[in-house]
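For reference, the structure discussed in these notes is given below.
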Amino acid sequence: MLINGQWVEKWQPVQASDDEGRFLRQDSGFRHRIGADSPEGFGPEAGRYVLYVAYICPWACRTLIALRLKGLAHAIDVRVVDPRLTDQGWAFSGELGTDLDDLNGARHMHALYTRADPTYTGRATVPVLWDRSRSTIVNNESADILQILNGDFGALAHSDIDLRPAALVDAIETTNTRLYADFNNGVYQAGFATSQAAYDEAVRRVFDCLAWMDAQLENAQWLVGERLTETDIRAFVTLVRFDLAYYGLFKCNLRPLSAYPNVMAYLRRLLAMPAFASSVRADHIKAGYYSIRALNPTGIVPAGPLLDYL
């Protein structure tokens, strides 16, 4: 991680733990919005911004889906980091169909953080929304970037899809809160638990949430209301990684995803949409998660699973 702008130690997957061995996630450090009246001067302009992502990362994947649903690929460039975690975190390698950093010449993502803030302390995460004009980070919080892509680019974006309609905001927030705590972050709390009690607690919440989703989807197409919302993106990014990584590597193996027929049907519906399907790289997901030495010391990437939906 970075301390006062200096990389000080090898990358570690566990950001922090509490006294009971529960995995704790770091808060994001850049939280600006885009708009004509932005106090920081981040205006909605085509060609000005770049979205840095990793296909392994569910948080980055949800911003990529939103960008494509909102038709912003013409206005915002995308750069993809190598999915394999190095001792200095995310790297620009040009391998496995990823990119070099042609904008700043960085070899690792943390160099962009120190370019934005020479005294930055924290982890260098993706996604990152980067401003070419000011050579700085606008935002590195995926929940914010979802809302930025949905609403901050005005006429540059498609107006026929609203991922956060005003009438559903309260329901979206309530559902998002449960999804994040029990499922999106729950799989990480299971995988990176450092005590049996912390693992048992986390894995129970993961599968309670899957059962809840399956019940919600028995007579519904979407998790909130009668239309696609950002909540469906949030659920999708964890579901599509479940069989590939979380079931085995993160020990979330109480039941396979196929034990939840309504959830499986929902996942297939989402994958039938090009914005979702094009934002999934199964090879990157496996290469990235199985590069985490703390969980997979040999670095061997499994041949399977063979999944008929990917």
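Shape annotation for the stretch 128-204: C-alpha extents along the principal axes are 50, 36, 15 Å, from largest to smallest. For S278, the accessible area of its heavy atoms, probed at 1.4 Å with every protein chain present, is near 60 square angstrom. Temperature 37 °C, viscosity 0.692 mPa s: under these conditions the Stokes-Einstein estimate for the stretch 105-249, based on its Kirkwood radius over C-alpha pairs, is 187 µm² per second.
Only Cα pairs under 8 Å and 6+ residues apart enter the sum, and on that basis the relative contact order of the stretch 169-281 stands at 28 percent.
Considering only beta bridges that DSSP places wholly inside the chain, some 75 percent are antiparallel. Annotation: the antiparallel percentage among DSSP beta bridges lying fully within the stretch 48-170 is about 65.
Once both labels are positioned 7 Å from their Cα atoms along Cα-to-Cβ, the gap between R293 and R107 label points is 1.7 nm.
When a/c reaches 1.5 or more, the comparison of a/b and b/c decides; with that in mind, is the chain rounded, prolate or oblate per its Cα gyration tensor?
Note, shape of the chain comes out oblate.
Of all lysines in the structure, the ones whose alpha carbon falls short of 26 Å from that of K251, not counting any fewer than 8 places away in one chain, are K10, K286. Dipole magnitude for the stretch 102-163: computed about the Cα centre from +1 point charges on Lys and Arg Cβ and -1 point charges on Asp and Glu Cβ, it is near 420 debye. Average accessible surface for the stretch 48-153: 31 Å² per residue, computed with a 1.4 Å probe over protein heavy atoms with every protein chain in place.
Distances between placed amide hydrogens fall under 5 Å for R79 paired with L51, Y52, V53, all partners being 5 or more residues away or on another chain. Just the number, please: carbon plus sulfur as a percent of the accessible area of the chain, 1.4 Å probe, no ligands or DNA/RNA counted. Roughly 50 percent, rounded to a whole number.
Rolling a 1.4 Å probe over the protein chains gives E218 an accessible area of about 120 Å².
The values are calculated or read from the model by the stated rules, or taken from the named source; none is laboratory data. Given the structure is predicted, the values throughout are model-derived calculations rather than measurements. Here the Cβ is made from the backbone with ideal geometry for all residues, glycine too, and neighbour counts use every protein chain on show. Accessible surface is based on the protein model in full, side chains and every heavy atom, while ligands, DNA and RNA are left aside. Shrake-Rupley method; radii C 1.70, N 1.55, O 1.52, S 1.80 Å.
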